[in-house]
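Only one structure is covered here, and it is reproduced in the block below.
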Amino acid sequence: MAEIILVTGGARSGKSTFAEKLALKLGNGRAAYIATAQIFDDEMAQRVKVHKSRRFNNWANFEAPFDADKIFPTVTENVILFDCVTMYLTNWLLTKNLDAKNIFTEFEIFIEKLITAAEKSCATVIFVSNEVGAGIVPENKLARIFRDFAGLANQKIAAHSEKVFLVTAGIAVDIKKFAERI
């Protein structure tokens, strides 16, 4: 069974850079990268370019804005970096009818498929995800559903994780190490 690690933090906190360094350290200089972003404009293209510029030949790269669970069985590296859960959730959420009565059930199936795929792999899987719960309640329905589902996804992944790092100002702290067990 795989070891799962969650790396979370706010926007521009340094979580992806930390996760990349951790992946290479754990993988002895080699790791797989599952990228979930879709490029729709020049600004996003630039963001992806910056991320790619940090990765050299020691990365096996996979692009999976959808159905990422199908990628895990194909990876042969010992460490998989999944960046990021919230982008992956966004891609999925934008294909859904937000008024559907079963949207929550669909979400639970969606996130469980991802976690199960990670657990079935033989690799250490590092999930990167944004911490979005520290802000105000958004004014529109899509943003509220996204915030709620992102928080729930982080909780579900954290529950399956050996370590959970919170990154702030480029500094990572393993918060699960200090967690109160109730």
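What follows is calculated from the coordinates using simple rules that are stated; it is not laboratory data. Bear in mind the structure is a predicted one, so any value in this text is a computation, not a measurement. Cβ atoms come from the backbone with ideal geometry, glycine included; neighbour counts cover every protein chain shown.
A few points about this structure:
- Net charge of Cβ neighbours under 15 Å - reference residue 164; Lys, Arg +1; Asp, Glu -1: +1
- Exposure proxy ranking, count of Cβ atoms within 10 Å, fewest first, for 74, 168, 90, 36: 74, 168, 90, 36
- Estimated [θ] at 222 nm from DSSP helical runs (n ≥ 4, -39500 (n - 2.57)) normalised by residues in the chain, nearest 500: -12500 deg cm²/dmol
- Proxy reagent accessibility, fewest Cβ within 10 Å first, across 50, 125: 50, 125
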